[in-house]
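Notes follow the structure.
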Amino acid sequence: MVYLDYSATTPVLDSVLNSYIEASKIYIGNANSIHKLGGYSRSIIDEATEQIKNILNIHDYDVIYTSGATESNNTIIKSVCYTYKNRGKRILTTNLEHSSIIEVLEFMKKQGFIIDIVKTDENGIIDLDDLKNKIYDDTILVSVCSVNSETGLLQPIEEISKIVKNYNKCFFHVDMTQSIGKVKINFSNIDFVSLSAHKFYGVKGIGCLIKKKKIVIEPLIHGGKSTTKYRSGTPPLPLIIALSKALRLAYEDVDKNYNYILNLNEIIKEKLSKYDNVFINSNNKCIPHILNISILNTKPETVVHALEQYDIYISTKSACSSVNKESQAVYELTKDRKKAMSSLRISISHLTTFEDINYFLKTFDYIIKNLTK
Ligand code: PMP
């Protein structure tokens, strides 16, 4: 099998899965229980949380465990809107957000909130002057995705955060789901971050909402206080242990993995750019882990299913975006509706081998020649 859909989800590492299994067997107590077993569980969760804070260098933040980035994104937007609605009703975002942001914002619009969209330049990068112009007195939140899941476009988060910091009534949220473990981003000046373990070789079913300690929000899920009042319920200890281990492993080799993946990406790009009808949509502002292409006059689903016959797995768009709609993310980069309708995503990892890429390229060649015959 050649799996080239790592941005949809990553396989769990054996060592991470083993930590999950071991923790499930050893720490049977509920971390909310007051007895000794509860105490052991709570202290092991505290240790894992401390490790996450050390890795990300976020000592003045709360790490709140959620079921994944969709829940983190929902909680941040809805909770900020609910808690700070008397401050203002505007939210500023981009045209490059994941469906778990877009759909929540659509919902908030129906509740009377106003959604402003910041302009992007010809490369899809946020226009910083437009950003300054569009943060009004009643803007309560700016929400930006660090890396777009379809194209790999990386936004200049630090520069954006320095601007938003000047507006003391406005919070800054970054959806880091696609950047964690791939590129390092400085958290200072960011108020909220979302991430998800299954994007960095962790177990599915856990993510984090990272929040500056001093910010108070109304939780989305109410119940007992648990380890945090911001997300009630019995803390999923084995998932937390596995997340903190996956994060440690991902951070250990970020730079080494980046260079290896860049090499693979360049090989694929070079070969694919030789076809007249294949266009590379990802530009040099995109991280190499994600390569978006369009094959004109070919249905992307046809290519995905043709490759699948050879046990090769790529993606049409983000796994979570709606089918039969052009890709907004690709349109932002190409300003070309045909390319936005026919885009494919190849997402690679440090687990991808040169043999995988050769097999993919050979099969791609065969398929394209047959499809365009
Ligand atoms: N944000 C981005 C940028 C994503 O790529 C994804 C997953 N495709 C999510 C949020 C949602 O993550 P989860 O699957 O953990 O809910």
Heavy-atom accessible area per residue - segment 14-252, 1.4 Å, Å²: 42 Å²
In Å², nearest 10: area of His305 left accessible to a 1.4 Å probe: 100 Å²
Distance violations [Cα-Cα > 22 Å] among Lys199/Lys338; Lys85/Lys134; Lys132/Lys338: Lys199/Lys338; Lys132/Lys338
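With a ≥ b ≥ c taken as the square roots of the eigenvalues of the C-alpha gyration tensor of segment 122-271, please select rounded if a/c is under 1.5 and otherwise prolate if a/b is larger than b/c or oblate if it is not?
Numbers: a/c = 2.46, a/b = 1.08, b/c = 2.28.
Since a/c reaches 1.5 but b/c is at least a/b, the shape of segment 122-271 is classed as oblate.
Share of antiparallel DSSP beta bridges in the chain, in percent to the nearest 5?
Values: 23 of 41 bridges.
Bridges in the chain are about 55 percent antiparallel.
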3J(HN,Hα) from dihedral phi, segment 331-345, Karplus parametrisation 6.51/-1.76/1.60, rounded to Hz, x for glycine, proline: 4, 4, 7, 9, 6, 10, 5, 5, 5, 5, 8, 10, 8, 10, 10
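Exactly which trypsin sites (Lys or Arg not before Pro) in segment 213-250 are in a DSSP loop and have at most 16 other Cβ atoms within 10 Å? Each step should come with its number before you reach the end.
Values: sites: Lys213, Lys214, Lys225, Lys229, Arg231, Lys245, Arg248; in loops: Lys213, Lys214, Lys225, Lys229, Arg231.
The qualifying sites are Lys213, Lys214, Lys225, Lys229.
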Reachable aspartates and glutamates from Lys339, criterion Cα separation under 12 angstrom, eight or more residues apart if same chain: Glu326
Gyration tensor (alpha-carbon) shape descriptor, the chain, a/c threshold 1.5: oblate
Vicinal HN-Hα couplings computed from phi for segment 177-190 (Karplus, 6.51 cos²θ - 1.76 cosθ + 1.60; Hz; Gly/Pro x): 3, 9, 9, 4, x, 10, 9, 8, 10, 6, 7, 4, 6, 9
Exposure rank, largest accessible area first [Met108, Met1; 1.4 Å]: Met1, Met108
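If you take every residue apart from Ile52 with its C-beta less than 12 Å away from the C-beta of Ile52, what net charge results, scoring Lys and Arg +1 and Asp and Glu -1? Mind dumping the intermediate values first?
Details: positive: Lys53, Lys245, Arg248; negative: Asp46, Glu47, Glu50, Asp62.
Here the charged neighbours net out to -1.
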Straight-distance crosslink candidates among lysines, where the alpha carbon sits under 17 Å from Lys212 and sequence neighbours closer than 8 are dropped: Lys53, Lys78, Lys162, Lys165, Lys169, Lys229
Sulfur and carbon atoms: percent of accessible area, segment 144-231 [1.4 Å]: 51 percent
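What value, in deg cm²/dmol to 500, does the helix sum -39500 (n - 2.57) over DSSP H runs of n ≥ 4 give at 222 nm once divided by the residues of the chain?
-12500 deg cm²/dmol
The values are calculated or read from the model by the stated rules, or taken from the named source; none is laboratory data. It should be emphasised that the depicted structure is a prediction, and the values quoted were computed from it without experimental measurement. Glycine also receives a Cβ, built like all others from the backbone with ideal geometry; neighbour counts cover every protein chain displayed. The accessibility values were calculated without ligands, DNA or RNA, using every heavy atom of the protein model including side chains. Shrake-Rupley method; radii C 1.70, N 1.55, O 1.52, S 1.80 Å.
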